[in-house]
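I have placed the structure first, in the form of structure tokens, so that the comments after it can refer back to it.
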Amino acid sequence: MSDILARFERALDGFLSEEPMPTPERIREVIADHRILPFYSEIDDLSAEHLARTLEERHGVTMTVGSVLQNSDYEPWLDGARADIDPYYWQRYKSLLATRKGFSGHVVATLDEVTERTLGLLESPLKSGSWDRRGMVVGHVQSGKTANYTGLICKAADAGYRLIVVIAGIHNNLRNQTQGRIDEGFVGRDSSRLLSGGHDSRIGVG
């Protein structure tokens, strides 16, 4: 029964992630619509209501865009380049957040907006000649910084950046944790297994 509930929850997460801020009534409506399917018929009313409350908490999470400061002489480039960008890495990561990480549709949409704006404040990777563009992003503890910069890495790769360096601190446990998140959200393979000569294990977006 627990396996069925887990599959049911993942299916609902993926469905609800397409709807920004679904109401409690809408969540229960979606649950009822899915319970009529044969492979979910074993789920009883008590389990369905418990799941509804869990989904209310998860999909009721909000995220704000934040504020930005930039040089007045900066020349935007992303709008003109967007038509030629294939969002391959971003779409993989977006799908992972929505279907396996349980991010609400509102949070995924806001993360898309935030990372798009940050990418636009970088320099075009296709700009000729030498150039220097610097910036800093600041966020509170547990505010979604890792998801934010992983999304930005995906979009930067899509836009044409060929080398991306993540400096994750001086402590190995934090570096390992960050590497694991990058492996899951961007690389798609467990790098610890690759480095040790082990089996090529696909994870996350892989």
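Key figures
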{"read-out": "Given the chain, longest segment not containing exposed loop GluC sites (Glu not before Pro) (DSSP; at most 16 other Cβ within 10 Å)", "value": "124-206"}
{"read-out": "For the stretch 104-114, 3J(HN,Hα) per residue [Karplus equation, 6.51 cos²θ - 1.76 cosθ + 1.60, θ = phi - 60°, Hz, x = Gly/Pro]", "value": "5, x, 5, 5, 4, 5, 5, 4, 4, 5, 5"}
{"read-out": "Centroid-to-centroid separation of the stretch 39-92 and the stretch 148-197 [C-alpha atoms, Å]", "value": "20 Å"}
{"read-out": "Descending Cα extents along the principal axes, the stretch 73-129, whole Å", "value": "42, 22, 17"}
{"read-out": "With eigenvalues of the C-alpha gyration tensor scaled by 5 and rooted, the stretch 1-120, Å", "value": "37, 15, 10"}
{"read-out": "Cα-based equivalent ellipsoid, the stretch 122-182: semi-axes from gyration tensor eigenvalues, Å", "value": "24, 13, 12"}
{"read-out": "Difference of contour (0.36 nm per residue) and Cα-Cα distance, D44 to D73", "value": "4.3 nm"}
{"read-out": "Accessible surface ranking that places the most exposed of W131, W77, W90 first, with a 1.4 angstrom probe", "value": "W131, W77, W90"}
{"read-out": "Net charge contributed by nearby residues that have their C-beta within less than 15 Å of L69 (K/R +1, D/E -1)", "value": "+2"}
{"read-out": "Virtual spin-label span in nm between E116 and R134, 7 Å along Cα→Cβ", "value": "3.0 nm"}
{"read-out": "Extension reserve of the E57-E19 stretch, reckoned as 0.36 nm per residue once the Cα distance is removed", "value": "12.2 nm"}
{"read-out": "Rounded to whole Hz, the Karplus (6.51, -1.76, 1.60) HN-Hα couplings of the stretch 146-161, x for glycine and proline", "value": "5, 4, 5, 6, 5, x, 5, 4, 4, 6, 5, 5, 4, 6, x, 5"}
{"read-out": "Calculated on alpha-carbon atoms, Rg and Dmax of the stretch 12-72 in Å", "value": "16.4, 61"}
{"read-out": "Cα long-axis angle, helix 2-16 against the chain (0 to 90 degrees, to the nearest 10)", "value": "50 degrees"}
{"read-out": "Translational diffusion of the chain, µm² s⁻¹ [Kirkwood Rh, Cα pairs; Stokes-Einstein; 4 °C; 1.567 mPa s]", "value": "67 µm²/s"}
{"read-out": "Residues with amide H under 5 Å from that of R189, placed H, sequence gap 5 or more", "value": "I203"}
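The values are calculated or read from the model by the stated rules, or taken from the named source; none is laboratory data. These numbers come from a predicted model, not from an experiment. Virtual Cβ from ideal backbone geometry, glycine too; neighbours counted across all protein chains shown. Heavy atoms of the whole protein, side chains included, go into the accessibility calculation; ligands, DNA and RNA do not. Shrake-Rupley method; radii C 1.70, N 1.55, O 1.52, S 1.80 Å.
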